[in-house]
Amino acid sequence: MTAQIISVGTELLLGDILNTNAQFLSRELAALGISVLQQHTVGDNHGRLEELVEEAKRRSDILIFTGGLGPTEDDLTKETVAACFHDALRFDEEAYRQIQDHYARTGRTMTPNNRKQAMVPVRGQKLPNSQGTAPGAWFEDDGCLAILMPGVPWEMEAMWKEQVYPRLCQKAGCVLHSLVLRVQGGESWIDSQVGHLFESENPTAAIYCKAGECIIRITARQADEESARKSCREYAQKFYEILGTAIYDEDVPGIEHTVIRLLTEKGKKAATAESCTGGLVAQRLTAVPGASEVFHFGFVTYADEAKHKLLGVSEHTLETCTAVSPETAAQMAAGAKSAAGADYAVSLTGIAGPGGGTPQRPVGLVYLGGACPEGVWVKKLMLGQRSRDVIRQWASQQALDLLRRMILGQPVPDARLYSPEEVEQSRQTPFES
């Protein structure tokens, strides 16, 4: 089957709103084995929308719309698509009560124009909206399907998962199961290792990139749930065999969730000491429920004086090696672990830019420290001329992966483990190259 995604809203054309809906739907449709032929964005204009719908009907099996289901006069999607699919709209009492209930629950006053949102297809189906006031719609005509969902991302995503996805699975006559591998590393490296695994048609595997990591989503289509799960698991094993410990978890929102889970399972505590990231690692950890049980201290030591006073970094080190050095990173991590009474600690010190770089210490240079019972790991990152925010995100991701590996007792790629004696000696004498 083929599909087109049509996003409706003048605000999208003006660039006032980022269109994340199209990205989400493209990924979801790919997982279903549905090819997205085109994406369109059209303003709140009946004539242009009608022309686009008629053309799209001739080219694709499924048209998926987001936006234009609101109560105002320029919300025209439902009326326009209904006409193009030879359907009409009727007032639905149940939908109207749901809209009233939504306003009552949120403590707002409903206006008369919200009645328009209770208009639903005569021949088609309404799609209940559990997160908002605008129900969606499902139209079918001459072998073509139109699915209308709200433009508000969280409303659209909930409707997709609760209403649309199950219907499409039923229509396809199969069961789908997906799992998500979270992989530490960049897209080019991951593709060089497992690129051939993305060529499979069933199960499918798709890769999406984030700062410092990639997400691999594996989806299997089978006749029943058990077979789909088994197929997914068997294909995931192929990735594990090649990528190994670079895969840090499955079906989690991010590596911070993995770290908190591991600390909790092992009954350990961690601390952080941050300079260039300004508390970003601590913020990511404390965003996870239950973090207070395993994370008690986060130091933000931006100035050299703070590194010395709070973490015990040697003044000699700061003067001779500078704050951006492996010696400083090691001493920061060791100091944080000691001061917090933690089992593990990670540190970050570097140059996030856009200024402050030199030929010897360019923007994007970051040193990580990881204190554990065996000593302190030190890792050098060269993140290049990226934006300040991207450098900080990459560095925080690498720091959390270092923490994960220490908890699991795994070696840290491209890093060196210094003994407690070597770290103590670095207060007077730099590490040997």
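Coordinate-derived values only; no laboratory data. Remember, it's a predicted structure, so these values are computed and weren't measured experimentally. Counting neighbours? That spans all protein chains shown, and the Cβs are built from the backbone with ideal geometry, glycine included.
Per residue, the convex hull spanned by the Cα atoms of the range 255-425 measures out at 98 cubic angstrom. The convex hull drawn around the Cα atoms of the chain, when projected onto a plane and averaged over every direction, covers 24.8 nm². In sequence order, the range 93-104 has phi-based couplings of 4, 5, 4, 5, 5, 5, 5, 4, 4, 4, 5, 5 Hz under the Karplus curve 6.51 cos²θ - 1.76 cosθ + 1.60, θ = phi - 60°, and Gly or Pro positions carry x. Counting only aspartates and glutamates at least 8 places from LYS78 when in the same chain, those with an alpha carbon closer than 16 Å to its own are ASP44, GLU50, GLU51, GLU54, ASP87, ASP92, GLU140, ASP141.
Annotation: lysines with alpha-carbon distance below 21 angstrom to LYS307 (same-chain offsets under eight excluded): LYS337, LYS379, LYS380. Within the chain, the longest segment free of exposed loop sites, counting GluC sites (Glu not before Pro) that fall outside DSSP classes H, G, I, E and B and have at most 15 other Cβ atoms within 10 Å, spans 202-373.
The HN-Hα couplings worked out from phi for the range 325-330 by the Karplus form 6.51 cos²θ - 1.76 cosθ + 1.60 (θ = phi - 60°) are 7, x, 5, 5, 4, 5 Hz, whole numbers, x standing for Gly and Pro.
Under the convention that each Lys and Arg Cβ holds +1 and each Asp and Glu Cβ holds -1, the size of the dipole of the range 255-425 around its Cα centre is about 520 debye.
Of all DSSP-defined beta bridges confined to the range 255-425, some 65% are antiparallel rather than parallel. Backbone geometry of the range 216-228 corresponds, through the Karplus equation with coefficients 6.51, -1.76 and 1.60 at θ = phi - 60°, to 3J(HN,Hα) couplings of 10, 9, 10, 10, 10, 10, 9, 6, 9, 4, 4, 5, 5 Hz, x marking Gly and Pro.
The antiparallel fraction among DSSP beta bridges confined to the chain stands at about 65%. Normalised by 2.2 N^0.38 Å, where N is the number of residues, the alpha-carbon radius of gyration of the range 303-372 equals 1.09. For PRO362, the shell of other residues with beta-carbons less than 14 Å away shows a net charge of +4, using +1 for Lys and Arg and -1 for Asp and Glu. Stokes-Einstein at 37 °C, 0.692 mPa s, Kirkwood radius from Cα pairs: D for the range 2-172 in µm² s⁻¹? The Stokes-Einstein estimate is 205 µm²/s. Normalised by 2.2 N^0.38 Å, where N is the number of residues, the alpha-carbon radius of gyration of the range 150-243 equals 1.21. Exposure proxy ranking for HIS86, HIS177, based on other Cβ atoms within 10 angstrom of each Cβ and starting from the fewest, stands as HIS86, HIS177. The charge dipole of the chain, taken about its Cα centre with unit charges on the Cβ of Lys, Arg, Asp and Glu (plus for the first two, minus for the last two), comes to roughly 580 debye. Distances between placed amide hydrogens fall under 5 Å for TYR248 paired with ARG182, VAL183, GLN184, all partners being 5 or more residues away or on another chain. Amide H contacts of LEU145 (H built 1.01 Å from N, in plane; Pro and chain starts excluded): ILE62, LEU63 sit under 5 Å, all sequence-distant by 5 or more or on other chains. In units of the rule-of-thumb radius 2.2 N^0.38 Å, the range 323-406 shows an alpha carbon radius of gyration of 1.07. The amide H of ALA273, built 1.01 Å from its N in the peptide plane, has PHE299, VAL346, SER347, LEU348 as neighbours under 5 Å, considering only residues 5 or more places off or on other chains. Counting neighbouring beta carbons within 10 Å and listing from fewest to most, the residues PHE239, PHE24 come out as PHE24, PHE239. Looking at the range 252-326, none of the chymotrypsin sites (Phe, Trp or Tyr not before Pro) sits in a DSSP loop with at most 10 other Cβ atoms within 10 Å of its own Cβ.
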